[in-house]
1. Does residue B:130 count as buried (at least 19 other Cβ atoms within 10 Å of the Cβ), in contact with a Gly (Cβ under 6 Å, 6 or more places away or on another chain) and within 24 Å of residue B:102 (Cα to Cα)?
2. Show me the strands (runs of 3 or more DSSP E) found entirely inside region B:62-175 where at least 2 residues are free of Cβ contacts under 8 Å to residues at least 12 places away in the same chain and within 19 Å of the chain's Cα centre (by Cα).
3. Cβ-Cβ distance below 7 Å, separation of 6 or more or different chains: which pairs start in region A:215-226 with a residue that is more than 10 Å from residue A:276 (Cβ to Cβ) and end on one that is aromatic (Phe, Trp, Tyr) and outside any loop (DSSP other than H, G, I, E, B)?
4. Under the condition of being in contact with a Lys or Arg (Cβ under 7 Å, 6 or more places away or on another chain) and more than 8 Å from chain B (Cβ to nearest Cβ), which residue from region A:235-260 is farthest from residue A:327 (Cα to Cα)?
5. I need the full set of residues from region A:28-44 which are within 19 Å of residue A:106 (Cβ to Cβ) and not aliphatic (A, V, I, L, M), in order please.
6. Are any residues in region A:117-156 under 27 Å from the mean Cα position of the chain (by Cα) and farther than 30 Å from residue A:289 by Cα, and if so, which ones?
7. Among the listed residues A:354, A:419, identify the single one that is hydrophobic (A, V, I, L, M, F, W, C) and under 39 Å from the mean Cα position of the chain (by Cα).
Amino acid sequence: MKTKFFIVLLLFISLLGNAQQKENFGLYTDRDLYVSGETLLLKLFAPLNDQAGIVHIDLISCGGKTITGIILEITDHQANGAVYLPDSLSSGSYILRTSTRSDKLQTVREIYVANRFAGMPESNSVSRIGRATPVAETEMGNSPITGLEEHYKRREKVTASIHLADDLLAKTEGNVHVSVSKTAPGYNGGTFCISAKPTTDQLIEKDGIILEGVVTDLKTAAPFKNSVVMLSIPGTTPGFNYYITGDDGRFFFKLKKYYGKIPVVLQCYDKARTRLLKISLVDSESLRSGFPAFETSTFPTEARKEVAKNIEAVTIRKIFNQQEIITLPAPKPQADAYPFYGIPTNTVDPKLFIDLPDFNEISHELLPGVKFRTYNRIPTIEVLSASLHNYFNEPPLVLLDGIPIQDLNIIKNLGSKKIDKVEICLEERHFGDLSFAGVVAIFSPKADDSLVPESKDLIKLTIEAIQAQTVLNSPSEQLPSEPDLRQVLLWTPSLKPAQTITLNFRASDIKGVYKLVLRGKTKDGSLFFKEQSFEVN
Amino acid sequence: MANNTFYIITLFALLAATSLTAQEAVPKNWDSEKIKGSQLIPYPSYTGNPYLTEKFVSGEIEFTDGTKIENLFLRYSTYRDEIIYFNSAISAQIIIDKISLKGFKLFTKEGANRIFRNQYYNGFLPGNRFFEVLNDGDIALLAYRTVVLQYCSVYNNEAGVLKNMEYQQNFNYYLYNSKKGYETIRIGKNSLLSKFDKSNQKLVKKLLRNNKIAIRDESGLIEAWKLIQINRIPTNF
């Protein structure tokens, strides 16, 4: 009896460990067939129990190579964004993959991209996802779409209504998504879920990207303990943070609420200043491992014809410079009220004074309490303590556009013309557990990382942070002389559910079968949809 | 049979271990907000105490963005209106940048929570100050606890050095409303009554009399103000 009890207990514990994630992301794109140079629109429904605040979406070739990726912010368990399909993509199947650091299940969406210049390959065979579990979704039968005719003329105005049944309305979680786009005859890219290995550190990206890396001894290549890793975001009000490595030499930084491209500088030094170190970033792609199996299949002939038409349409749109999406201005990160190194004791603008050739002269003539000297070609810097009326024994923190500088030779030759301003703190400053015997912050007119050279212990990178919101560019009136070659007629990623949802849109010049689709998620986590097709001729 | 059971148990135990223990250690609070400040330079030594408390006490600070750091050793300097924390990792007393703080809490030995708020004071010597919140509400009762260095009769300190200055307490009390600003109040019945219209003064007097409250010290003032707030007696402020 006792043995049975133990078996059941152990079985329960082991299942508890494995069954933490049952739900997966719902991932939908505006279409299934694309031409390189186009922008793909996507909508994502996140699992209700997922704690992640951001999700990574990667575009991966069927060979497993990551082409590009975006990071989206999850709001109310939903996200939407756009992925630009580079012109250089070769024709073939690609997948979009969702991933977070803690996911055991990832969602992949299969799409086909035809190269705009090379067209379709001669062969009819295509690699497609095989042996993967499709993401389950239910068609809602009791939510009719009214007012949608079977046929429309080109550029005709369309008005339709979707009626959500009361029971569906009551159990719908958050907003619903509505889109009207052209279908690809004979080709359906599916959405599948695949298993993945979550990261083992249990860190969740709740409100920003986590940068991860490792510091090693330059000589032995062993992970280095007790090194100070500093992260700087150059700019007029620079961002700064640090991490002290443990036994495994690893470090982590969270970039909170940054949008778009941001420059980042990472550097490290030995706390005891005795060893030379090397810093390297962990490839974030390696943290997201899931990839489905592909098998060869035949590409439908109707779809081939459709691709040929699409290539022509996309090329004309490019000629007329018709933008597919509009990127809304990204929310600016809340700037700190004052620099991380404190409110400066003095701020000096060298341009207000006589032109001085180098920093030695500038410090000597203009910077009170700063002693910059070069003996035997080795530059040194000292800062006066305003309260102790003595020079600090330790060198100060020297910053160039917000980046800490270890080698003073970098600033040695900076004259008045290359410096916008110098801020000086004549007191011992503290940032967490770091202490600085005074601060000298130099700002160049560029205010970027270009003056700081890369080395083994300093890496410069540009990070594509959270994507700013994008909306479909659907002009209210199209010039009669200009072709209207939109394949997506409506894209409303977040629409408040109501008993009757009225939709107004206009057909484009492209003939074919279009599909109106409404998608949403219920409070129990299951995905639902309602769709109806119509033809434009 | 016993062997089979043993193998099954071992198998499940292994399964459980792999699923539950595959965690790598990342330091707790690795991404917490860092405290910014400057090194404390010891104050001149005179009689009296330049700090609110004799020693560092446990407390928490709240940054302007709302994030909090708990379990800090804090000491409020009434002499300079600064909050100092002891960083045990580097054994340093650090003055936390006032501009970065919304406020702080001190947990005294007596078990009382003393709440301080960083507010802009627009009266004499304007600027941001830490006010102790004695009673919060629509009109809050605040205390600005300050110590001033004043000349006194000559004395010898513990080391036998001749001194002629001492730290003297100079606490100021204010009624504060976010729209109306600050109104000075002193410890005493008359000062309190002056904040009410004549008709309401009678009510206040009656209230104090019935509740046997005498405003002879800070606790009396707090008690009286709490009672007035509960009874919603309107002030002329």
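1. Working: buried (at least 19 other Cβ atoms within 10 Å of the Cβ): yes; in contact with a Gly (Cβ under 6 Å, 6 or more places away or on another chain): no; within 24 Å of residue B:102 (Cα to Cα): yes.
So residue B:130 does not fit the description; no.
2. Values: elements: B:68-77, B:82-87, B:92-96, B:101-107, B:113-121, B:127-135, B:140-144, B:147-156, B:162-169.
Hits in region B:62-175: B:68-77, B:113-121.
3. A:215/A:251
4. A:247
5. So in region A:28-44, the residues within 19 Å of residue A:106 (Cβ to Cβ) come out as A:28-29, A:40, A:42-44.
Residues satisfying the conditions are A:28, A:29, A:43.
6. Passing the criteria: none in range.
7. Working: A:354 fails: under 39 Å from the mean Cα position of the chain (by Cα).
One residue alone meets the criteria, A:419.
Conditions (1) assigned to a strand (DSSP E or B); (2) surrounded by 15 or more Cβ atoms within 10 Å (Cβ to Cβ); (3) in contact (Cβ under 8 Å) with a residue 24 or more places away in the chain, marked per residue:
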{"site": "A:452", "(1), (2), (3)": "no, yes, yes"}
{"site": "A:461", "(1), (2), (3)": "yes, no, yes"}
{"site": "A:505", "(1), (2), (3)": "yes, yes, yes"}
{"site": "A:525", "(1), (2), (3)": "no, yes, yes"}
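Any read-out appearing in this document is the output of simple, stated calculations on the displayed coordinates, not a laboratory observation. Since the structure is predicted, the reported quantities are computational estimates derived from the model, not experimental observations. As a convention, Cβ positions derive from the backbone with ideal geometry for all residues, glycine included, and neighbour counts pool all protein chains shown.
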